[in-house]
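S.K.: Here it is: the structure, laid out below.
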Amino acid sequence: METTRIDRPRRSRLRVRNLLWGLLAIAALIGLGYYLARHQDRQVQQQVEESDLDRLVVALRENRNRLQVYRLSGTVTTKRETRGGIGDILQGEMAVRQPWSVAYFVNMGDLGLDDYVWDERTRTLLVRAPGATPETPNIDESRQVVAYDGPLITRDMQTKLRQGVAIGARQQAAAEAAKPENLAAATRAGREAIARNLQAPLQAAGLGNVTVVVRAPTDGQPRDGERWDVSRSIADVLEERAASR
């Protein structure tokens, strides 16, 4: 009877110990399952992010077109004088009033992956865009208004006058196109044109709704929380991703 009283508490302690080990094992299994689920979620999320980034890279590399972003036009009046005839005794003057136009372009091919910053959290593409540059002015000679002044203007004199007027008109139009206020207007239009131009390939790449924010070199310091000096460009992200593999 004494032995029975000793074995009974021992069996009770064994049952308690086995129960505790069972509970610990269940807790360990639950913890391991939670860890594996979180790890799988992170892997899936990483695959989604890499997939989005890869699609973004393809879209940006394919979009290498040259954009006309702005057009400036006006009318210029150019005057030129010349002499001709025997001993240059003749003097003539020519004044021409004619329309002109200048197109401003941004070459998307000048942008590399280091000019783009992708914010996955807000799905925002930040673009460091080049400034818009004016092309050679187009002078509409078909709409000229010409006036001559002189007793007699020979054909050679007319040729010299027209050549001088053509050069002068292009110079005046180019000077107008290069004025800071006109370059600023072209740059503002360029930002909007670049944002519109990027939307189509981004949609085609299956990226859904992406906000495109474009900054030009003349915009000065970033605003609205943009941190261009410390943000990692897409080129930086790809380099880090390649190094980690």
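Every number in this text was worked out from the coordinates using simple rules, so none of it is lab data. The structure presented is a predicted model; accordingly, all values stated were derived computationally and were not measured. Note that each Cβ is placed from the backbone with ideal geometry, even for glycine, and that neighbours are counted across all protein chains shown.
S.K.: R0 = 41 Å: FRET efficiency of residue 95 with residue 179, Cβ-based, nearest 0.05?
M.R.: 0.95
S.K.: Shifting gears a bit: Dividing the alpha-carbon radius of gyration of segment 142-211 by 2.2 N^0.38 Å (N being the number of residues), what value is obtained?
M.R.: 2.09
S.K.: Regarding segment 63-244, what is the average projected area of its C-alpha convex hull, in nm²?
M.R.: Average of the hull's projected areas for segment 63-244 equals 15.1 nm².
S.K.: Between residue 75 and residue 203, how high is the FRET efficiency from 1/(1 + (r/R0)^6) when r is the Cβ-Cβ distance and R₀ = 51 Å? Nearest 0.05.
M.R.: 0.80
S.K.: Let me ask something else about it. Hey, what do the phi angles of segment 174-182 turn into as Karplus ³J(HN,Hα) couplings, whole Hz, using 6.51/-1.76/1.60 and θ = phi - 60°, x for Gly and Pro?
M.R.: Result, rounded to whole Hz: 5, 5, 5, 5, 8, 4, x, 5, 6.
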